[in-house]
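The values are calculated or read from the model by the stated rules, or taken from the named source; none is laboratory data. Keep in mind that what you see is a predicted model, and the values were worked out from it rather than measured. Ideal geometry is used to build each Cβ from the backbone, glycine not excepted, and the neighbour counts take in all protein chains shown.
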Amino acid sequence: MTIRSTLGHKYIKRFYLARFVSNLGNGMGPIALAFGILHLPHGSAKELGFVLGAQVVALLCMLPFGGVIADKYGRIKICAISDVVGGLVLLVQVFYFHLGHVPIGALLFSNIGFGLMWGLFWPSLSGVLPALLPEEKFQQGNAINQFVGNFAMIAGTAVGGYLITAFGSTVALLIDALTFIFSGCVVMTFRKLTPAREETGASIREDMREGWKVFISFRWIVITVAGFSFLVMVWSGAQDVLGPVIALKHFHGAKSWAFVITLESIGYIVGSLLGIKIKVTYPMRFLTAISVTLTGYLLLLARPAPLLLLAFGAFLWGITLDLWGALWGTAFQLTIPREALSRASAFDGLGTLLLRPVGLAIAAPLAAVLGVSRTITIFAAISLIFILGMLAIPAVWHMKLPDALSENS
């Protein structure tokens, strides 16, 4: 199975182009928003955590409905619409940053609106690649998708750090918004590949209940999603809220933090390359074990370690996180029945991100009481406890890919 043969499938290059452009903006957006808020007269880590938390809460509220909507009206169409509308609502905060006066209401409008669109996008995206490729190319297709997106993230993060330093956050936030609009327009051109489902007469509640039954019918999926939610919680609180604070206090602000995030993104690239060819018979055992790199990264951040060592820790975690994307996505797509894929994916996303708002909300208050270093050390300990806990559960340890796939992937 060659990469050229995968890229030869109709529309796949167009899909990868859209993912590249939107992730170029994704590389800029989080850093631009973080330092844009921190540099406001009323800006603080608490306000940053509040805004990011509101975005994720909106995502979580929309996800179950997003899965139903994607399965019902066409996954690719919903994927495209959510990108375009998400970019448009982000332009509101760009306008206020340009004016130099950014009320909290404008930040909440843009980020809650984007979170709602993200809740549509996530479950609909899960059904795009299976519509473009045959099953035997899912892992390679997922890995190439990760590679393309991560390469763009690196470029976006590096360019974003420069733009923020040279021109402020507004320019980077504007580019971020425009990339989503462009990506959505590209994806819309092949929306016919996932047509709307024939009307069954089922209500939204019944559709959601069916997706939930499919999701919970696989014990290894439920356990892994629940455990990974705690990893996301501590990673988000440490990196998204306390990381920029550490960069301002101990290093050189946005430029230093962009370097750390860029190295994490380079780790994504390495993980993508590994994901294209790696053969893993027991993917959940493998992925959970290598997640100890998160514990190491958080401990380096807690000290904080010298910038190069800290960035190396982020790099290792980046490799791990990207392998999760490629191998988990493949296992999920091969396990879940195609007709319920977006609905089950919605519960996957809901469970994975359920505790992210908690991490974003508690990071700054805990740091105010315990100190930044002690707070991140506690987060590191939590990550290790849940990694070991997941490995101790037989359903996770013994989860196995089909023999034919593990041999030919």
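Scanning the stretch 85-111 for residues that are surrounded by 19 or more Cβ atoms within 10 Å (Cβ to Cβ) and under 24 Å from the mean Cα position of the chain (by Cα) yields Val85, Gly86, Gly87, Val89, Leu90, Gln93, Val94, Leu107, Ser110, Asn111. Residues that are of a type in the set (A, V, I, L, M, F, W, C) and either crowded, with 24+ Cβ neighbours inside 10 Å or farther than 28 Å from Val128 by Cα (or both) within the stretch 158-176 comprise Ala158, Val159, Leu163, Ile164, Ala166, Phe167, Val171, Ala172, Leu173, listed in sequence order. The residues of the stretch 48-77 that are under 24 Å from Glu339 (Cβ atoms), surrounded by 24 or more Cβ atoms within 10 Å (Cβ to Cβ) and not hydrophobic (A, V, I, L, M, F, W, C), listed by number, are Gly66, Gly67, Asp71, Arg75.
Take Ala226 and decide whether it is more than 29 Å from Val148 (Cβ to Cβ), within 18 Å of the chain's Cα centre (by Cα) and assigned to a helix (DSSP H, G or I).
Values: more than 29 Å from Val148 (Cβ to Cβ): yes; within 18 Å of the chain's Cα centre (by Cα): yes; assigned to a helix (DSSP H, G or I): yes.
Spelling it out, Ala226 is indeed more than 29 Å from Val148 (Cβ to Cβ), within 18 Å of the chain's Cα centre (by Cα) and assigned to a helix (DSSP H, G or I).
Checking each residue in the stretch 178-206 for being among the charged types (D, E, K, R) and more than 25 Å from the chain's Cα centre (by Cα) picks out Lys192, Arg197, Glu198, Glu199, Arg205, Glu206. The listed residues are Thr165, Thr157, Thr224, and the only one of them that is within 26 Å of Thr330 (Cα to Cα), of a type in the set (S, T, N, Q) and out of contact with any Leu (no Cβ under 6 Å at 6 or more places or on another chain) turns out to be Thr224.
Give me a count of the residues in the stretch 328-343 that are buried (at least 24 other Cβ atoms within 10 Å of the Cβ) and farther than 16 Å from Leu133 by Cβ. Residues meeting the conditions: 2. Checked against (1) out of contact with any Ser or Thr (no Cβ under 9 Å at 6 or more places or on another chain); (2) surrounded by 21 or more Cβ atoms within 10 Å (Cβ to Cβ), Leu287 meets all criteria but (1).
Candidates in the stretch 290-325 are the residues that are over 21 Å from Gly227 (Cβ atoms) and among the aromatic types (Phe, Trp, Tyr); of these, the one that is surrounded by the fewest Cβ atoms within 10 Å (Cβ to Cβ) is Phe312. Taking residues in the stretch 171-190 that are farther than 8 Å from Ser22 by Cα and at pLDDT below 95, and partners anywhere that are in a loop (DSSP other than H, G, I, E, B) and not hydrophobic (A, V, I, L, M, F, W, C), the pairs with Cβ atoms closer than 7 Å and at least 6 places apart or on different chains are Phe190/Tyr11. When Gly25 is tested against (1) within 11 Å of Gly119 (Cβ to Cβ); (2) out of contact with any Cys (no Cβ under 9 Å at 6 or more places or on another chain), exactly one condition is not met: (1). In the stretch 252-339, counting only helices (runs of 4 or more DSSP H) that sit wholly within it, the ones holding 2 or more residues that are free of Cβ contacts under 8 Å to residues at least 40 places away in the same chain span 292-302, 307-323.
The set of residues in the stretch 336-353 being at pLDDT 85 or above and either of a type in the set (Val, Ile, Thr) or within 18 Å of Ser236 (Cβ to Cβ) (or both) consists of Asp348, Gly351, Thr352.
Of the residues making up the stretch 161-215, just one is farther than 24 Å from Phe65 by Cβ, outside any helix (DSSP H, G or I) and of a type in the set (Val, Ile, Thr), namely Thr189. The set of residues from the stretch 336-394 being closer than 28 Å to Gly127 by Cβ and among the β-branched types (Val, Ile, Thr) comprises Ile336, Thr352.
Take the residues of the stretch 357-386 that are farther than 23 Å from Ala54 by Cβ, among the small types (Gly, Ala, Ser) and modelled with pLDDT under 95: which is surrounded by the most Cβ atoms within 10 Å (Cβ to Cβ)? The extreme case among them is Ser373. Only a single criterion out of (1) closer than 30 Å to Lys213 by Cβ; (2) modelled with pLDDT under 85 is not satisfied by Gly66, namely (2).
Residues of the stretch 130-157 that are modelled with pLDDT under 80 and surrounded by fewer than 19 Cβ atoms within 10 Å (Cβ to Cβ): Glu135, Glu136.
Yes/no matrix, rows are residues, columns are (1) farther than 19 Å from Ile223 by Cβ; (2) touching a Pro at 6+ places or on another chain (Cβ under 7 Å):
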| position | (1), (2) |
| --- | --- |
| Met284 | no, no |
| Ile290 | no, no |
| Ala305 | yes, no |
| Ala311 | yes, no |
| Thr320 | no, no |
| Leu327 | no, yes |
| Phe332 | no, no |
